[in-house]
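J.: Have a look at this one.
Just so you know, all these numbers are worked out from the coordinates, no wet-lab data involved. This one's a predicted model, so the numbers in the text were calculated from it and none came from an experiment. Quick reminder, even Gly has a Cβ in these numbers, built from the backbone with ideal geometry, and neighbours come from all protein chains shown.
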Amino acid sequence: MWCPTASTLIYGERDAVLVDPLLTVDESRRLADWVVAQGKNVTTIFVTHAHGDHFFGAPAVLDHFPQARLVAAADVSAHAAAQWGSAWFDGFWQPRFPDQISDRHLVPRAAA
């Protein structure tokens, strides 16, 4: 069990910003498939805060939109890498979501 999470798609005629690309590979793939079905092109993936359930799914979305930038506010970017560390990833995320999180450990860059 996990608390519900949400993503937001902010879009124009063609391009879009995806906010919080979810947690697991499967749910993030489904999200990316849905965005494709809407006819939108994700140019930016924005992460609202530094908990892994808000950005661990980014690699699956980037598989669909490889040109997109993964970004966050500077303070979020500075703290996000800790989620991949042994205390958080091995001690918290992996036990709760075994074999469901991408092997590609991406961290959002500070948005300019």
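J.: Residues L62, L106, L70: which one is closer than 22 Å to D33 by Cβ, assigned to a helix (DSSP H, G or I) and in contact with a strand residue (DSSP E or B) (Cβ under 8 Å, 6 or more places away or on another chain)?
T.: L62
J.: In the range 93-103, which residue that is out of contact with any Gly (no Cβ under 8 Å at 6 or more places or on another chain) and assigned to a helix (DSSP H, G or I) is surrounded by the fewest Cβ atoms within 10 Å (Cβ to Cβ)?
T.: P95
J.: Let me ask something else about it. Taking the residues in the range 15-45 that are hydrophobic (A, V, I, L, M, F, W, C) and in a strand (DSSP E or B) as candidates, determine which candidate is surrounded by the most Cβ atoms within 10 Å (Cβ to Cβ).
T.: Among those that are hydrophobic (A, V, I, L, M, F, W, C) and in a strand (DSSP E or B), it is L18.
J.: Which one of these is under 22 Å from W84 (Cα atoms), touching a residue at least 60 places away in the same chain (Cβ under 8 Å) and among the hydroxyl-bearing types (S, T, Y): T24, T48, T44?
T.: Result of the check over T24, T48, T44: T24.
J.: Kindly indicate whether S86 is surrounded by fewer than 16 Cβ atoms within 10 Å (Cβ to Cβ), over 11 Å from the mean Cα position of the chain (by Cα) and of a type in the set (S, T, N, Q).
T.: Against the criterion (surrounded by fewer than 16 Cβ atoms within 10 Å (Cβ to Cβ), over 11 Å from the mean Cα position of the chain (by Cα) and of a type in the set (S, T, N, Q)), S86 qualifies.
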